[in-house]
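Working notes for the structure below.
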Amino acid sequence: MMTMIEPKVHIIYKNQSKIRRGRGFSRGELEAAGLSVKETLWMGLPVDTLRQSVREDNIESLRMIMEQIENAPEPVEETPRPAKEAKPTAEKPKKGKAKPAPKKEGVPLEEIAGVGPKTAERLHEAGYSSAEDIAKADVDALAEIKGISKKSAAELIENAKGL
């Protein structure tokens with residue numbers, strides 16, 4: 001297992017020399033260890049491209065990390081598990097009142113200008129399944145459907161005849 005090694009930086013604080021944890025390895029340290037910035041970032045190590053100092057401790061840390069990566073055992077491949085068989089499911093009957101099956105013939109109701117999804121659903125419930133049915137319908141019969149006035153029923157019939 002690879003241990004996380006952090007870069008160290010030499011600083012002068014209140015006329016005293018200190019070593020603190022750095023933000024990342026400098027480019028000079030990476031070059032001395034034989035790594036590029038992309039490789040280092042790919043390995044998940046921090047890189048500080050602004051820092052120009054080179055510490056021998058950090059170079060040794062990078063070399064130790066490279067040795068650990070080279071000596072790491074290859075991951076063991078897991079054997080695939082046998083797939084489980086799917087259980088057959090019985091379809092449950094739907095609750096509610098049975099709707100008449102819409103006819104598959106003719107132009108769909110949604111293509112009539114002024115018919116949205118809700119209006120189309122209400123027309124299907126009333127027994128109208130195509131634009132031809134609407135074109136043959138009576139204004140008063142369409143006006144009885146909830147949400148359709150006599151004026152809009154007349155427009156629907158005109159638009160259906162235009163198709």
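Readers should treat all values here as calculations from the given coordinates under stated rules, not as data from a laboratory. Model, not experiment: these values are computed from the prediction. Cβ placement follows ideal geometry from the backbone for every residue including glycine, while neighbour counts extend to all protein chains displayed.
Computed from these coordinates, which is semi-axes √(5λ) of the Cα gyration tensor in Å: (1) 79, 27, 15; (2) 44, 21, 13; (3) 24, 18, 16?
Calculated semi-axes √(5λ) of the Cα gyration tensor in Å: the matching label is (1).
Taking 0.36 nm per intervening residue step and subtracting the Cα-Cα distance, what contour gain separates residue 15 from residue 122 on full extension? Intermediate results must be reported in sequence, preceding the final value.
Working: separation 107, 0.36 × 107 = 38.52 nm, distance 8.56 nm.
Length gained between residue 15 and residue 122: 30.0 nm.
Among residues other than residue 36 whose Cβ falls under 13 Å from its Cβ, what is the net charge (Lys/Arg +1, Asp/Glu -1)? Mind dumping the intermediate values first?
On the way: positive: 27, 38; negative: 29, 31, 39.
Its environment carries a net charge of -1.
What percent does the relative contact order of the chain come to when contacts are Cα pairs within less than 8 Å and at least six residues apart?
Working: 157 pairs, mean separation 23.5, N = 163.
Reported as a whole number, the value is 14 percent.
In degrees between 0 and 90, to the nearest 10, how far off the longest principal axis of the chain does helix 56-71 point, with axes built from Cα atoms?
Taking the Cα atoms of the chain, the angle to 56-71 is about 60 degrees.
So what is the relative contact order of the range 8-71, in percent, for Cα pairs below 8 Å that sit 6 or more residues apart?
Values: 69 pairs, mean separation 20.7, N = 64.
Contact order relative to length: 32 percent.
Summing -39500 (n - 2.57) over the DSSP H runs of n ≥ 4 in the chain and dividing by its residue number, what mean residue ellipticity at 222 nm do you reach, to the nearest 500 deg cm²/dmol? Write down the numbers at each step before the final one.
Working: 7 runs with 63 residues, N = 163.
Computed mean residue ellipticity for the chain: -11000 deg cm²/dmol.
Starting with the highest mean, order 136-147, 72-83, 24-35 by the number of other Cβ atoms within 10 Å, averaged over the residues of each peptide.
Details: 136-147: 13.3, 72-83: 6.2, 24-35: 19.7.
Descending packing order for the listed peptides: 24-35, 136-147, 72-83.
Which value results when the Cα radius of gyration for the range 109-162 is divided by 2.2 N^0.38 Å? Numbers along the way, then the final one.
Working: Rg = 9.3 Å, N = 54, 2.2 N^0.38 = 10.0 Å.
Computed over Cα atoms of the range 109-162, the ratio equals 0.93.
For the range 8-71, take the convex hull of the Cα atoms, compute a quarter of its surface area, and give me that in nm², please. Mind showing how you got there, number by number?
Details: hull surface 17.4 nm².
Across all orientations, the range 8-71 yields a mean hull projection of 4.4 nm².
Taking the Cα centre of the range 8-71 as origin, sum charge times position over the Cβ atoms of Lys and Arg (+1) and Asp and Glu (-1), and report the length of that vector in debye to the nearest 20.
On the way: 11 positive and 9 negative charges, 112 e Å.
Charge dipole of the range 8-71: 540 debye, to the nearest 20.
Please compute the contact order of the range 109-162 in relative form: average sequence separation of alpha-carbon pairs under 8 Å and at least six residues apart, divided by the residue count, as a percent.
Numbers: 51 pairs, mean separation 21.4, N = 54.
Here the relative contact order equals 40 percent.
Going by how many other Cβ atoms sit within 10 Å of their own, how do 13, 128 line up, fewest first? Please report the intermediate quantities before stating the final value.
Values: 13 8, 128 24.
By the 10 Å Cβ count, ascending, the order reads 13, 128.
In what order do 54, 115 fall by count of nearby beta-carbon atoms within 10 Å, going from fewest to most? Can you show the working numbers first?
Working: 54 15, 115 22.
Placing the least packed residue first, the sequence is 54, 115.
Pulled fully out, how much extra length does the chain show between residue 23 and residue 81, if you take 0.36 nm times their separation in residues and subtract their Cα-Cα distance?
Numbers: separation 58, 0.36 × 58 = 20.88 nm, distance 4.41 nm.
Taking 0.36 nm per residue and subtracting the Cα distance, the gain is 16.5 nm.
What is the spin-label model distance, in nm, from residue 66 to residue 146 if the labels are put 7 Å beyond Cα along the C-beta direction?
7.8
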